[in-house]
Amino acid sequence: MRSGKRAPTCEWQVCGVCNYDCSYCIQSKIYRVGHPSDDEVARFLDFFASFDTPWEIKMTGGEPFAFKGFLNAILPGLVQRTSHTLSILTNLSAPLPFLERFATLTRGRLHVVSASLHLEHTDVATFAEKAKRLREWMSPETRLVINSVLVPERLEAFEAAKEMLAKDGLTIFPQIMKHEGSTFPYEATDVIRIERLIGKSPTPRTANTAPSYRGRLCWAGTDYFVLMQNGDAWSCRTAKRHKEGFLGNVLRGEFARGSGPLACGYDICPCTVPANRGMIEGIA
């Protein structure tokens, strides 16, 4: 599974549909719709079952739980037909019975649950209660990460949420807001406030600051790739935004990974998954 410190990982957008409509969402509304058909789900599962070695499959959306095929077909198929490690990014809005079934299906196979706290759509107490229940149902070795975007007009609410979650033993993972392909231009007073929240030297394991790794060797496209609900595969999220790094379409049987690292040519890495899976030179 691993080459050195690298942990081969695919971020799979299992659907576009989402039950939230966050004002700061970096995904355009036109893409927050749709899901694969039953036949396409079967072909995705065939694709993952064809891997020679175990990978980590991190499932994202949209919101995975908003697609009924996620619990009914995707998860059972991955568990039964592959030996891959599973992770998920979810807004944790699913009903408790759904979350319990998810934990049961993935028990012993689940690496990370990234639970996104969206204060536009839920309150901290409700979110924390679900997070605690899910933590009880999951295997002890599964990591639960609570992430939340540092929205300029909601920094005070973020600070309050951080304190409330800490009382339940839950740590929040701050995310710098993205805007038009870069990071949001916060006002000076907000910059000072954010520095107090994330620390002076945050790492990819403590905060998502969307840094630039330009010039560093990166294994994206070889040991990491992004897979969309239509089957298109891209070396990374920024490459996709620039319409570069296309690896083919897995539903058409055209997928081909790279053969080694390439120097990063971008000024933003919007997701911490590549850095935290050992894909980027010099980032432990």
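At a threshold of 8 angstrom on Cα-Cα distance, excluding pairs fewer than six apart, so keeping six or more, what relative contact order does the chain reach in percent? Write down the numbers at each step before the final one.
Working: 494 pairs, mean separation 52.1, N = 284.
Computed value for the chain: 18 percent relative contact order.
Going from the residue with the fewest nearby Cβ atoms within 10 Å to the one with the most, HIS84, HIS121, HIS111 rank HIS121, HIS111, HIS84.
Note on the chain: Kirkwood hydrodynamic radius from all Cα pairs is 19.4 Å, rounded to one decimal. For the stretch 118-228, the spread of Cα positions along the three principal axes, ordered from largest to smallest, is 43, 39, 27 Å. Taking the DSSP bridge list for the stretch 131-226 and keeping only pairs wholly inside it, about 20 percent are antiparallel. The HN-Hα couplings worked out from phi for the stretch 149-156 by the Karplus form 6.51 cos²θ - 1.76 cosθ + 1.60 (θ = phi - 60°) are 7, 7, 7, x, 7, 10, 5, 5 Hz, whole numbers, x standing for Gly and Pro. The orientation-averaged projection of the convex hull spanning the C-alpha atoms of the stretch 45-163 amounts to 7.8 square nanometres. With the convex hull drawn around the C-alpha atoms of the stretch 165-280, the volume per residue stands at 134 Å³.
Can you give me the Rg/Rh ratio for the stretch 22-115, using Cα atoms for both radii and the Kirkwood formula for Rh? Walk me through the numbers before you get to the answer.
Working: Rg = 13.5 Å, Rh = 14.1 Å.
My calculation of the ratio gives 0.96.
Mean residue ellipticity at 222 nm from the helices of the chain, using -39,500 (n - 2.57) per DSSP H segment of n ≥ 4 over the full residue count, to the nearest 500 deg cm²/dmol? Estimated from H runs of four or more residues: -8000 deg cm²/dmol. Within a straight-line Cα-Cα reach of under 24 Å, LYS243 can be paired with the following lysines, leaving aside sequence neighbours fewer than 8 residues apart in one chain: LYS29, LYS58, LYS178.
Once the other residues with Cβ under 10 Å from the Cβ of ILE268 are scored (Lys, Arg +1; Asp, Glu -1), what is the net sum? Spelling it out: positives minus negatives among the neighbours equals +3.
List PHE65, PHE184 from most exposed to least, where exposure is judged by having the fewest other Cβ atoms within 10 Å. Mind showing how you got there, number by number?
On the way: PHE65 23, PHE184 16.
Going from least to most buried by this count: PHE184, PHE65.
In this structure, the pairs whose alpha-carbon distance is over 28 Å, taken from LYS68/LYS132; LYS68/LYS167; LYS5/LYS240, are LYS68/LYS167.
Laboratory data are not the source of any read-out in this text; all were calculated from the coordinates shown. Since the model is a prediction, treat every value here as computed from it, not as a measurement. Cβ coordinates were reconstructed from backbone atoms using ideal geometry, including for glycine residues, and neighbour counts include every protein chain displayed.
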